[in-house]
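This report refers to the structure that appears directly beneath it.
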Amino acid sequence: MLTEKEIEIIDGCQKGDVHSQKLLYDTYGPMVKGTCLRYIQDIQEAEDLFHDIFIFILTHFEQYTHINSLDGWLHRITVNKLVDYLRHKKTQPTILMSHFEQELGEAVEHEYDGIPMDVLQGFINDLPQKARTAFNLYVIDDIPQAEIAEMMQESQNNVRTMISRARATLRNSIQKFWKNEENR
């Protein structure tokens, strides 16, 4: 169910109202920027993509229907644009701490099973590019494997294998981390 504020933003953006566009930017910009930073390692490049994606959103707002939630629609556009960009550029997407901090709106000490987030982030960054992309899309963005296969132009079996190998690699990295911690 859309809130009054969301309906006001949607109606205004579809009419090209500058105030509504600024409200959209202020309200949903951190989410879009956080997603860009999760996939693009270079901050300047991520900022450029963020602005390009936001311009695309504003110029295609008439395509929004009230069927999907506004933040879901914005997130889907962002992820699709980023995957397209990565497919053409063949860069290495990554998860950055700033993504979590921007989405939460505050700096928080993050840990996963007692492992500092920066260490876990390093493990994810060490994954091969395609495995890291598939892992991000499936685990972080909660996109079904069939859609990931289509987005990455891979077979579903390849995507399933990439995700499985990424998990196994992360599991091994985490186990090694704990062994090293125990030996200290």
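Using alpha carbons only, how many degrees (0 to 90, rounded to 10) separate the axis of helix 156-182 from the longest principal axis of the chain? The two axes meet at around 60 degrees.
Three principal axis extents describe the C-alpha atoms of the range 110-184; from largest down they are 45, 21, 16 Å.
Consider all pairwise Cα distances in the chain and report the whole-number % of them above 19 Å.
Numbers: 10469 of 16836 pairs.
Tail fraction, whole percent: 62.
When shorter helices are ignored and each DSSP H run of at least 4 residues is given -39500 (n - 2.57), the per-residue value for the chain at 222 nm works out to -22500 deg cm²/dmol. Among the listed pairs Lys81/Lys176; Lys15/Lys81; Lys5/Lys89, a Cα-Cα separation exceeding 30 Å is found for Lys81/Lys176; Lys5/Lys89. Between Ile124, Ile77, Ile55, the GNM of the chain built on Cα springs shorter than 10 angstrom shows Ile55 fluctuating the most.
Would you be so kind as to identify which of Gln14, Gln129, Phe61 lies farthest towards the positive end of the dipole of the chain, taking Lys and Arg as +1 and Asp and Glu as -1 on Cβ and the Cα centre as origin? Comparing the listed Cα positions along the dipole, Gln129 ranks first. For the range 1-55, trypsin sites (Lys or Arg not before Pro) are listed when DSSP marks them as loop and at most 13 other Cβ atoms sit within 10 Å of their Cβ; the list is Lys15.
Bear in mind these aren't lab numbers, they're just calculated from the coordinates by the rules spelled out. All values reported here derive from a predicted model rather than from experimental measurement. Every residue, glycine among them, receives a Cβ derived from its backbone with ideal geometry; neighbour counts consider all protein chains shown.
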